[in-house]
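J.: A single structure is presented below for examination.
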Amino acid sequence: MLFLKRMADLLASKLRETQIANQLQAVLDSIYDGILSVNKEGIIVSVNPKATQLLGKDQKELIGTSIFSIWPNSGVLESIRTGARYTDREEITRISMDRINHFITNINPIYSGKNKTDSNSISGAVVSFRDIAEVRQMVYKLTEAEEPSSFQQITGNSLIVKRLREQGKKISGSLSTVLITGESGTGKGLMARAIHASSPVNEGPYIVVNCGAIANTLLESELFGYEEGAFTGAKKTGKIGRFEMANNGTIFLDEIGDMPLHLQIKILHVLQQKEIQRVGGNDYIPVHVRIIAATNRDLEKLVAEKMFREDLFFRLNVIPIDIPPLRERREDIGLLMEQALQKYNRVTGKQLYGFTDKAKAVLLNHDWPGNIRELENVVEYAVTMGSDDLIGIENLPAYLSEQREEAYVIHPLKDQCAAAEKEILENCLRITGYSLKGKIKAAKLLGISESTLYRRIKSLGINAEEGKVLHRARGNYGD
């Protein structure tokens, strides 16, 4: 009986061990990270399904092979020898000309005895790893992701804005490079974000780099990252750049016209080869990034002055989008004022309902050299300073006071109609183009004959030749 009892206890113990082992294997199989273990010689003895998926090999191929066949520079043996733990160690291995395994790894030694400080009792190590693209995406969502944008957030009822929205929707299924031009404050960043949000890579990261706000000496490492010891002051672990962060998403290079020539060459290489090289590094890392660039400078003039590479200009200018200044679409000012008022009511917790007639007249007649950004700043100031239900002229910034009296001057109806007609014709021609074909299209859109259009152009003093050179360089959308 005693013998049978011992046998029963032994079977029960084995059964419990089997159950625990099965439970442990189930846990390992469900872990999102790849996990593998090695013995003291660095030979792989176990892997979980995620590891085989990330490495692109099955279990039979991996077990029994050296860890160094996967990661030639792995710190596993150092961990086994000294007991050191490695956290967030980067491993880059080229598999073929167009594929690189790029992982973030963690290495922990395995102790066979109870003493966790005795390196002689180390029997192997466990390595957990994750694809760096997944890590970047997680970091982006936690730190930089913002509310999605859309073309409907480009506010305005003018013909120009409607045309911009239509153009944006037409390229929504494309991954072509876009160059957005326009004065500072016109909304180039909003357009870029809307293009990303409607693109095939809208689930990927959207990374913004202001090329004019970062010192030239730092811009290269910011864009492309750097390896350990690349320069004095570099982090020991190195650093990934913005292009790697934007992998499988979009990078928005704002103020591209301020980029130094030596970096323009590297941007050209990214556009042509779809790969980057870190500062101080030897490996080329593939990146799949949609590039949107923007500038308030005249790139064609910079090209002529040898300040901007012509080949890069043509690579960027695949899909050109020009955003006009606010003074050229005055019919949108009132709508933008109301939108800004609602925004800063929410921010300040106030409930201002609108603008007095005098304040509205000043704002509608202002030329807005700072465009939408200036308008929002003015409304923010007015809401902050306002205490009544309506924003009055006394709530506006002081620099607008010079325009107060001028805003109340009433011009003859004939002059006002002529000024409005001139603005409408100029806006239409700017969109359709100044060529013969563009003018025919403008007449059709405006519902007038071609002879009437030519007569009004002449009588209103419109420069019918304006913009021809620009349209030839960028592509005439009226044709």
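The values are calculated or read from the model by the stated rules, or taken from the named source; none is laboratory data. All values reported here derive from a predicted model rather than from experimental measurement. Virtual Cβ from ideal backbone geometry, glycine too; neighbours counted across all protein chains shown.
J.: When the residues of the range 235-264 are narrowed to those that are out of contact with any helix residue (DSSP H, G or I) (no Cβ under 8 Å at 6 or more places or on another chain) and of a type in the set (A, V, I, L, M), which ends up surrounded by the fewest Cβ atoms within 10 Å (Cβ to Cβ)?
T.: Within the range 235-264, the match that is surrounded by the fewest Cβ atoms within 10 Å (Cβ to Cβ) is L261.
J.: Further, regarding this structure: Just to be sure, is E78 modelled with pLDDT under 75 and out of contact with any Phe, Trp or Tyr (no Cβ under 6 Å at 6 or more places or on another chain)?
T.: Against the criterion (modelled with pLDDT under 75 and out of contact with any Phe, Trp or Tyr (no Cβ under 6 Å at 6 or more places or on another chain)), E78 does not qualify.
J.: Quick check on this structure: which one of S176, S184, S149, S158 is at pLDDT below 90 and over 14 Å from the mean Cα position of the chain (by Cα)? Spell out the reasoning first.
T.: On the way: S176 fails: at pLDDT below 90; S184 fails: at pLDDT below 90; S149 fails: over 14 Å from the mean Cα position of the chain (by Cα).
On inspection, the qualifying residue turns out to be S158.
J.: The conditions are (1) acidic (D, E); (2) touching an Asp or Glu at 6+ places or on another chain (Cβ under 9 Å); (3) more than 21 Å from R165 (Cβ to Cβ), and E328 fails exactly one of them. Which is it?
T.: (3)
J.: All but one of (1) on the phi > 0 side of the Ramachandran plot; (2) within 15 Å of the chain's Cα centre (by Cα) hold for E244, so report the exception by its number.
T.: Of the numbered conditions (1) on the phi > 0 side of the Ramachandran plot; (2) within 15 Å of the chain's Cα centre (by Cα), the odd one out for E244 is (1).
J.: Answer yes or no: is there a residue in the range 189-203 that is among the β-branched types (V, I, T) and at pLDDT below 90.
T.: no
J.: Within the range 387-412, track down each residue that is at pLDDT 80 or above and among the hydrophobic types (A, V, I, L, M, F, W, C).
T.: The answer is L390, I391, I393, L396, A398, L400.
J.: Give the range 349-388 a look and list any residue that's surrounded by fewer than 18 Cβ atoms within 10 Å (Cβ to Cβ), touching a strand residue (DSSP E or B) at 6+ places or on another chain (Cβ under 7 Å), within 18 Å of Q339 (Cβ to Cβ) and not small (G, A, S), or say none.
T.: Selection gives Y353 alone.
J.: Between I104, I110, I95, which is among the aliphatic types (A, V, I, L, M), at pLDDT 75 or above, assigned to a strand (DSSP E or B) and within 30 Å of Q273 (Cα to Cα)?
T.: I104
J.: Just the residues that are part of a loop (DSSP other than H, G, I, E, B), in contact with a Gly (Cβ under 8 Å, 6 or more places away or on another chain) and of a type in the set (V, I, T), please, taken from the range 195-214.
T.: Scanning the range 195-214 gives a single hit, V201.
J.: Do the conditions hold for F308, that is, is it touching a helix residue (DSSP H, G or I) at 6+ places or on another chain (Cβ under 6 Å), among the hydrophobic types (A, V, I, L, M, F, W, C) and surrounded by 20 or more Cβ atoms within 10 Å (Cβ to Cβ)? Talk me through it step by step, then tell me what you get.
T.: Numbers: touching a helix residue (DSSP H, G or I) at 6+ places or on another chain (Cβ under 6 Å): yes; among the hydrophobic types (A, V, I, L, M, F, W, C): yes; surrounded by 20 or more Cβ atoms within 10 Å (Cβ to Cβ): yes.
Yes, satisfied.
J.: Report yes if E426 is within 20 Å of G461 (Cβ to Cβ) and either part of a helix (DSSP H, G or I) or at pLDDT 85 or above (or both), otherwise no.
T.: yes
J.: Where in the range 269-377 are there strands (runs of 3 or more DSSP E), lying wholly inside it, with at least 3 residues that are modelled with pLDDT of 95 or more, in the same structural domain as F243 (by TED's automatic domain parsing) and in contact with a Phe, Trp or Tyr (Cβ under 9 Å, 6 or more places away or on another chain)?
T.: 289-295
J.: From (1) in contact with a strand residue (DSSP E or B) (Cβ under 7 Å, 6 or more places away or on another chain); (2) polar (S, T, N, Q); (3) surrounded by fewer than 17 Cβ atoms within 10 Å (Cβ to Cβ), pick out the condition that doesn't hold for N317.
T.: (3)
J.: Based on this model, can you work out whether L261 counts as over 24 Å from E376 (Cβ atoms) and at pLDDT 95 or above?
T.: No: the conditions fail for L261.
J.: I'd like the full set of residues that are of a type in the set (D, E, K, R) and surrounded by 15 or more Cβ atoms within 10 Å (Cβ to Cβ), limited to the range 58-97.
T.: Our first condition is that a residue be of a type in the set (D, E, K, R); within the range 58-97, this holds for 58, 60-61, 78, 81, 85, 88-91, 94.
Matches in the range 58-97: R89, E90, E91.
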